[in-house]
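Working notes, beginning with the structure itself.
The values are calculated or read from the model by the stated rules, or taken from the named source; none is laboratory data. On a predicted model such as this, the values are computed, not experimentally measured, just so you know. Every residue, glycine among them, receives a Cβ derived from its backbone with ideal geometry; neighbour counts consider all protein chains shown.
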Amino acid sequence: MRITVDSERCQGHNRCYAIAPELFDVDDLGYATATGDGAVPDDLADKARLAVANCPEHAIAIVEEA
Amino acid sequence: MSTTEPRSDKRPVTDWETDWDHTDPAWVANPYPIWESLRSACPVAHTERFGGAWLPVTHDAIHAISYDTEHFTSRSVVVSELRPGDNDLPAPIGIAPPITSDPPFHADARRLLLPAFGPKVIAGYESFTRDLCRELLDAVADRDIVDAAVDYAQDIPLRVIVKMLGFPQSDAEVFRRFIHMILEAVDVPAEERMNEREGGELDAYLDARIAEHLAEPRDDLTSFLLQAELGGEKLHPDHVRGTMVLLLVAGIDTTWSAIGASLLHLATHADDRRRLVDDPSLLDTAVEEFLRVYAPVTMARMVAHDFEFEGCPFKAGDWVLLPFPAANRDPAMFPEADKVLIDRAENRHAAFGLGIHRCLGSNLARMELRIAIEEWLARYPDFELDDPSRVTFSAGQVRGPRRIPVRVR
């Protein structure tokens with residue numbers, strides 16, 4: 001599982017970073033990015049889904065990998 | 001004074017679909033049933049009041065308008081009898097950038113403010129905020145009845161923003177008056193408001209602080225603004241002053257409303273209060289749920305040019321009220337939308353707006369709200385509303401309790 005943040009949609013609500021600071025970072029302007037290559041360890045999968053479900057701008061997506 | 005009694009000389013609303021008024025006593029007392037019935041009847045209501053205004057109440061419509069910066073302008077974001085005149089800065093800049101700005105100017109004006117309000121910078125104000133909360137609680141420690149709004153909530157955002165701007169803490173009272181005037185006095189006739197504005201007291205105060213900071217730069221938000229550049233040039237002092245007005249107006253009664261509404265909830269819902277005291281790990285979801293269900297802020301737009309929206313003939317210059325609190329109660333978006341579930345895990349609320357105008361201070365507001373609840377519960381794990389009849393709510397586009405007498409022992 002991998003997460004991606006759409007920088008066009010992100011408005012810096014900061015919900016993802018609050019929920020899962022392991023998976024998201026914010027830049028100096030407060031916009032979110034996925035940490036590293038966006039890979040989600042199994043034990044953080046639930047947090048990743050919560051981050052998606054709480055983003056007011058629908059800016060986060062989960063990519064399931066084979 | 002922060003309490004506004006709706007003016008009694010206005011015609012009471014009898015038909016919310018065609019003659020709504022967000023300053024009507026029924027709306028001020030309890031807007032939720034009004035929005036609920038409009039949602040099923042006609043999702044975009046209209047009124048001839050305020051010179052013509054529309055009212056969408058579904059999450060879908062409010063979302064769509066928030067994103068549509070082509071058909072809607074932000075040059076005026078407070079619906080009132082006072083329409084923006086020729087003296088006000090025209091779009092795309094507006095009177096208080098970037099909240100009153102439109103693309104493309106908006107992005108640049110916003111970008112220069114964002115670094116001062118990012119989550120990591122705001123975390124640096126946590127200890128000041130925590131000390132302030134304790135100081136406020138200490139000041140009323142000998143009382144059995146405390147007003148959670150007047151003695152506590154209203155001072156927190158006020159004094160934090162005064163601290164951020166680098167103004168003397170003793171000037172906090174000056175700002176309270178202006179916030180009241182600008183945001184709560186929507187039903188004061190336009191001429192009267194204009195006269196008050198032209199008094200220029202706030203501008204003079206801010207100009208004096210700007211001059212001090214120009215003469216002697218400091219490590220604070222005022223000097224940050226004065227050193228910021230837009231298009232390779234330093235901001236004009238008028239722009240800096242406009243931005244300060246925005247921070248004061250947007251940052252204070254909004255957050256005090258959220259803190260007050262949350263404490264009012266805990267004062268009247270002993271089960272939630274005990275749960276939160278017993279399990280502080282619920283605080284994060286509780287804060288988001290309080291923000292959703294008691295969202296204080298309603299914004300507005302003006303129609304930029306004639307077009308049809310959801311079958312309604314929107315005309316250039318019409319106001320459009322954007323009640324984010326109504327979006328947050330839309331059952332199409334939130335299961336059990338009218339219930340407060342402090343462990344609600346999925347909560348895509350719009351308390352801070354949607355799209356390019358997302359509340360610049362949302363990280364600050366959230367930090368203040370969380371610490372205010374934490375410190376209050378640490379001091380008073382047991383408290384209850386003393387006299388429900390004395391609870392009053394603000395009128396206007398920022399909704400929150402202005403009197404919350406609670407018994408703390």
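I want to confirm something. Restricting to the range B:362-393 and keeping residues that are of a type in the set (S, T, N, Q) and away from every other protein chain (no Cβ under 14 Å), which single residue is farthest from B:ILE99 (Cα to Cα)?
The residue in question is B:SER389.
Condition check ((1) of a type in the set (Lys, Arg); (2) in contact with a strand residue (DSSP E or B) (Cβ under 8 Å, 6 or more places away or on another chain); (3) within 30 Å of B:ASP60 (Cβ to Cβ)) across all residues:
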| residue | (1), (2), (3) |
| --- | --- |
| B:LEU354 | no, no, yes |
| B:HIS357 | no, yes, yes |
| B:SER362 | no, no, yes |
| B:GLU374 | no, no, no |
| B:LEU377 | no, no, no |
| B:THR392 | no, yes, no |
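May I ask you to list the residues in the range B:275-315 that are charged (D, E, K, R), in contact with a helix residue (DSSP H, G or I) (Cβ under 8 Å, 6 or more places away or on another chain) and on the phi < 0 side of the Ramachandran plot? It would help to see each step written out before you state the result.
Taking the range B:275-315 as the starting set, the residues that turn out to be charged (D, E, K, R) are B:275, B:278-279, B:284, B:288-289, B:292, B:301, B:306, B:308, B:310, B:315.
Now narrow it down to the ones that are in contact with a helix residue (DSSP H, G or I) (Cβ under 8 Å, 6 or more places away or on another chain): B:275, B:284, B:288, B:301, B:310.
Correct list: B:ARG275, B:ASP284, B:GLU288, B:ARG301.
Which ones in the range B:322-352 are within 14 Å of chain A (Cβ to nearest Cβ), acidic (Asp, Glu) and in contact (Cβ under 8 Å) with a residue 12 or more places away in the chain?
B:ASP330, B:ASP343
Is it true that some residue in the range B:358-370 is surrounded by fewer than 19 Cβ atoms within 10 Å (Cβ to Cβ), within 24 Å of the chain's Cα centre (by Cα) and aliphatic (A, V, I, L, M)?
Looking for residues that are surrounded by fewer than 19 Cβ atoms within 10 Å (Cβ to Cβ), within 24 Å of the chain's Cα centre (by Cα) and aliphatic (A, V, I, L, M), one finds none in the range B:358-370, hence no.
Suppose the filter is part of a helix (DSSP H, G or I), at pLDDT 95 or above and closer than 30 Å to B:PHE105 by Cβ; does B:ILE373 pass it?
Against the criterion (part of a helix (DSSP H, G or I), at pLDDT 95 or above and closer than 30 Å to B:PHE105 by Cβ), B:ILE373 does not qualify.
Which of (1) within 14 Å of chain A (Cβ to nearest Cβ); (2) touching a residue at least 12 places away in the same chain (Cβ under 8 Å) is the odd one out, the single condition B:SER281 does not satisfy?
Every listed condition holds for B:SER281 apart from (2).
Among what's in the range A:43-54 and is without any contact (Cβ under 8 Å) to a residue 40 or more places away in the chain and within 11 Å of another protein chain (Cβ to nearest Cβ), pick the residue that is surrounded by the fewest Cβ atoms within 10 Å (Cβ to Cβ).
In the first step, residues of the range A:43-54 are kept if they are without any contact (Cβ under 8 Å) to a residue 40 or more places away in the chain; the result is A:43-44, A:46-47, A:49-50, A:53-54.
Next cut, within 11 Å of another protein chain (Cβ to nearest Cβ) only: A:46-47, A:49-50, A:53-54.
On the way: A:ASP46: 12, A:LYS47: 19, A:ARG49: 19, A:LEU50: 18, A:ALA53: 14, A:ASN54: 22.
Only one residue tops the list, namely A:ASP46.
Given the structure, is B:ASP9 in a loop (DSSP other than H, G, I, E, B) and at pLDDT 95 or above?
No: the conditions fail for B:ASP9.
If the Cβ limit is 9 Å and pairs must be 6+ apart or interchain, which residue in the range A:1-21 that is within 11 Å of chain B (Cβ to nearest Cβ) and more than 17 Å from B:LEU354 (Cα to Cα) pairs with which residue that is of a type in the set (Val, Ile, Thr) and part of a strand (DSSP E or B)?
Within 9 Å, the pairs are A:TYR17/A:VAL26.
Quick one: how many residues across the range A:17-46 are part of a helix (DSSP H, G or I) and touching a helix residue (DSSP H, G or I) at 6+ places or on another chain (Cβ under 6 Å)? Give the derivation first.
Here is the first cut: in the range A:17-46, the residues part of a helix (DSSP H, G or I) are A:17-19, A:42-46.
Cutting the leftovers down to touching a helix residue (DSSP H, G or I) at 6+ places or on another chain (Cβ under 6 Å) gives us A:19.
Looking only at that region, the number is 1.
Just for the range A:55-66: of the residues that are closer than 25 Å to B:ASP68 by Cβ and over 10 Å from the mean Cα position of the chain (by Cα), which one is nearest to the other protein chains (Cβ to nearest Cβ)?
Ranking the candidates gives A:PRO56 first.
For the condition at negative phi and without any contact (Cβ under 8 Å) to a residue 60 or more places away in the chain, what is the one hit in B:ASP272, B:ASP220, B:ASP253, B:ASP318?
B:ASP220
Give just the number: which of (1) closer than 29 Å to B:VAL28 by Cβ; (2) at pLDDT 95 or above; (3) surrounded by fewer than 18 Cβ atoms within 10 Å (Cβ to Cβ) does B:ALA153 not satisfy?
Only one criterion is unmet by B:ALA153, namely (3).
Does the range B:319-330 contain any residue that is more than 22 Å from B:TRP54 (Cβ to Cβ) and either basic (Lys, Arg) or within 18 Å of the chain's Cα centre (by Cα) (or both)?
No: the range B:319-330 contains no residue that is more than 22 Å from B:TRP54 (Cβ to Cβ) and either basic (Lys, Arg) or within 18 Å of the chain's Cα centre (by Cα) (or both).
State which residue is nearest to the chain's Cα centre (by Cα) when the search covers only the range B:386-398 and only residues that are within 18 Å of B:TRP256 (Cβ to Cβ) and at pLDDT 95 or above.
Applying the filter and picking the extreme gives B:VAL391.
Among A:VAL40, A:VAL26, A:VAL5, which is over 21 Å from B:ARG111 (Cα atoms), of a type outside the set (S, T, N, Q), modelled with pLDDT of 95 or more and crowded, with 19+ Cβ neighbours inside 10 Å?
A:VAL40
With the requirement that a residue be part of a loop (DSSP other than H, G, I, E, B), in contact with a Gly (Cβ under 8 Å, 6 or more places away or on another chain) and facing another protein chain (nearest Cβ under 10 Å), what does the range B:89-124 give you?
B:GLY118
Identify the residue in the range B:200-251 that is among the basic types (Lys, Arg) and under 18 Å from B:VAL162 (Cα atoms) and, among all such residues, is surrounded by the fewest Cβ atoms within 10 Å (Cβ to Cβ).
The residue in question is B:ARG218.
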